[in-house]
Amino acid sequence: MAAGDRAYWSDIVGRPLCLMTTMAADPIPNATYTQVPLTTVSEDTDGMASIVGGGIYCRTAGLFRVGAAVGFTLQSSGSRALVVYRDGTAARVGVAVPATPSGISSRLSASGLIRLTVGDYLEIFVWQNSGGSLSLYNQFGFTAVLEAEWVSP
């Protein structure tokens, strides 16, 4: 079946997809990996969102495209990092960057493919070493986003 075939498109519609965000400008302590609790469900086709835990639970096993993004407030020293965790461990999806010059907030995003089994749990962790606490930055209506989209079995 080709991507242009009607049967192809009807087959992929309704696959597991979850998109969670937060608008909280949580303070992130210096040099400490900190979970970003996600509090808003933008879309969830498979009952994956966990407001209590602030992340995404896998309900259908398979290969998922996982993406995450955060922004930090303006501060020009140190570095920033974003990592997606699976079941409490870094899951090969992440990014680290040096702080940006004054006047530009650090925005980080990362995506990749992760194979999940039923019950696996995804969450966002961030890190910064500006020398003090540094808050997340509200950009485009959210401070952090995590998404998981089922790709294949």
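Only one entry in G119, G112, G94 is within 17 Å of Q35 (Cα to Cα), of a type in the set (G, A, S) and out of contact with any Ser or Thr (no Cβ under 7 Å at 6 or more places or on another chain), namely G94. Checking each residue in the range 44-71 for being part of a strand (DSSP E or B) and either more than 14 Å from the chain's Cα centre (by Cα) or of a type in the set (F, W, Y) (or both) picks out D44, Y57, G62, L63, F64. Does L74 satisfy the condition of being over 17 Å from M23 (Cβ atoms) and touching a Lys or Arg at 6+ places or on another chain (Cβ under 8 Å)? Spelling it out, it is not the case that L74 is over 17 Å from M23 (Cβ atoms) and touching a Lys or Arg at 6+ places or on another chain (Cβ under 8 Å). Residues in the range 14-24 that are of a type in the set (A, V, I, L, M), surrounded by 13 or more Cβ atoms within 10 Å (Cβ to Cβ) and assigned to a loop (DSSP other than H, G, I, E, B): A24 alone. Only one of the numbered conditions (1) at pLDDT below 95; (2) closer than 16 Å to L19 by Cβ; (3) β-branched (V, I, T); (4) touching a strand residue (DSSP E or B) at 6+ places or on another chain (Cβ under 6 Å) is not met by I51, and that is (4). If you scan the range 50-72, which residues turn out to be surrounded by fewer than 17 Cβ atoms within 10 Å (Cβ to Cβ), within 20 Å of T34 (Cβ to Cβ) and β-branched (V, I, T)? The answer is I51, V52.
Whether a residue is among the acidic types (D, E) and either on the phi > 0 side of the Ramachandran plot or free of Cβ contacts under 8 Å to residues at least 12 places away in the same chain (or both) was assessed, and D87 passes this test.
A residue that is closer than 23 Å to S152 by Cβ and touching a strand residue (DSSP E or B) at 6+ places or on another chain (Cβ under 6 Å) occurs somewhere in the range 72-85.
No other residue among A31, A3 is of a type in the set (A, V, I, L, M), at pLDDT below 90 and not in a strand (DSSP E or B) apart from A3.
The values are calculated or read from the model by the stated rules, or taken from the named source; none is laboratory data. Note that the structure is a prediction, hence the values are computed from the model and not measured. Every residue, glycine as well, gets a Cβ built from its backbone with ideal geometry; the counts of neighbours run over all protein chains shown.
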